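Here is the structure we will look at, set down as structure tokens.
Just so it is clear, none of the values below were taken in a lab; they were calculated from the coordinates. Since this is a predicted model, take the numbers as computed values, not measurements. A quick note on method: Cβ atoms are made from the backbone with ideal geometry, for glycine too, and the neighbour counts reach across all protein chains shown.
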Amino acid sequence: MIDVATERDAARGTSDRAGTSPSPPARGWTEIGSEIGDRIYSWAVTGFALLVPTLLLVIFVAVALAAWPALRTFGFSFLTSSDWDPVAGQFGAAPAIYGTIVSSIIALVVATPLALGVAVFLSEFAPGWLRQPVAFAVDLLAAVPSVIYGLWGIFVLVPILREHVMPFLAETLHLGMLPLFSGPAYGPSMLAAGLILAIMCLPYISAVTREVLLAVPRSQREAALALGATRWEVIRDAVIPYARSGIIGGVMLGLGRALGETMAVTMLIGNRHEISASLFAPGYTMASLIANEFSEATSDLHLSALMAVGFVLLLVTVLVNALARWLVWQTARER
């Protein structure tokens, strides 16, 4: 009987202990502090991530509000009209939009082959002792202030264009009969602005392209060589197609640099508010128009017109960056 009672008590005690959950251990100050620190870090990182699009939205709204009086007054004709008369209160941004697009196209046409050639040489052909100095010299072009480029353009580039390049194109090559190369050789012109922009865009395109080419797997090159391809065929058919999306991104980065450049273009483009088919003629860009007239704007409508030009430039820049991202995504998906 004693043994039965003892077993019953032992079973009851075991069941009681099984039904009672153990109490959690007490949390130390170190664990609590770590949890608080993690939450603060998460909130801070989230805030920083939201700060950039918020700042872009604030800039967009502020410029749009300042530009609204001019856009409401002139409507769509503001983008198509060539009239710019602050005294009469007539404003049209078509020549500045045209000059921005044309000068940027000239810059890309000149800079892209040069940057691609430099990147291919540095990534495929240059010996190790030469690669870093040349890459550093090319990248150093991005550190030169734009006003220095402008001064160099005035005293070196413009005289060369006026006395040698423009007469050679118009008379020696007999291209003067074409609207693109017609007219007198002024010197300060759309061509001068485009060439200085090409020099300024070159380091951005070259740096991105060089890094993309260096990131191409070695097996990509070895596979082409194993099939009997020459060195040039390896680069043309295996390396460059593999890195195409990155190269497009670099070109679009250079385009964004060209669209927003102000000081050097203002010093070299001639600052004439008219549309001309000739690259020898002076022109205007949206950035140079704002830089030249913002401090002289006396009326509210004049100031609003300049802000409307800035709003158009902001829209163009955003659209170019969106197009660049789409092209990179599309190219990467096709690959």
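Just a few scattered comments:
- Sparse-neighbour loop sites [chymotrypsin sites (Phe, Trp or Tyr not before Pro); the range 75-182; at most 14 other C-beta within 10 Å; DSSP]: Phe76
- Paramagnetic label reach from Asn292 (point 7 Å along Cα→Cβ; backbone nitrogen cut-off under 11 Å): within the range 255-269, residues 266-269.
- Near Gly283, the amide H atoms lying under 5 Å from its own belong to Met190, Gly270, Asn271, Arg272; only residues 5 or more places off or on other chains count, and H is placed 1.01 Å from N.
- Taking amide hydrogens as placed 1.01 Å from N in the peptide plane, the amide H of Gln90 sits under 5 Å from those of Asp85, each at least 5 positions away in sequence or on another chain.
- Ranking Ala308, Ala62, Leu108 by how far each Cα lies toward the positive end of the dipole of the chain (charges on Cβ) leaves Leu108 at the top.
- Helix 190-214 axis, angle to the chain major axis (alpha carbon atoms, nearest 10°): 30
- Loop-resident sites, the range 235-335, for chymotrypsin sites (Phe, Trp or Tyr not before Pro), counting at most 11 other Cβ within 10 Å (DSSP): none
- Phi angles across the range 289-295 convert, under the Karplus curve 6.51 cos²θ - 1.76 cosθ + 1.60 with θ = phi - 60°, into 3J(HN,Hα) values of 4, 5, 5, 6, 10, 5, 6 Hz, Gly and Pro given as x.
- Overall, the range 185-335 carries a charge dipole of about 740 debye about its Cα centre when +1 sits on the Cβ of Lys and Arg and -1 on the Cβ of Asp and Glu, all other atoms neutral.
- Each Lys and Arg Cβ is given +1 and each Asp and Glu Cβ -1; about its Cα centre, the chain then shows a dipole of about 580 debye.
- The range 94-299: relative contact order in percent, alpha carbon pairs under 8 Å with at least 6 residues between: 37
- What separates the Cα centres of the range 125-191 and the range 206-247 is a distance of 30 Å.
- Across the range 140-151, computed HN-Hα scalar couplings (Karplus, 6.51 cos²θ - 1.76 cosθ + 1.60, θ = phi - 60°) run 5, 4, 6, 8, 6, x, 5, 5, 5, 4, x, 5 Hz from first to last residue, x flagging Gly and Pro.
- Per-residue Karplus couplings for the range 86-102, computed as 6.51 cos²θ - 1.76 cosθ + 1.60 with θ equal to phi - 60°, are listed in order as x, 5, 7, x, 10, 9, x, 9, 4, x, 5, 5, 4, x, 5, 5, 5 Hz, Gly and Pro entered as x.
- Reported label for calculated semi-axes √(5λ) of the Cα gyration tensor in Å given (1) 36, 20, 19; (2) 44, 22, 17; (3) 60, 34, 17: (3)
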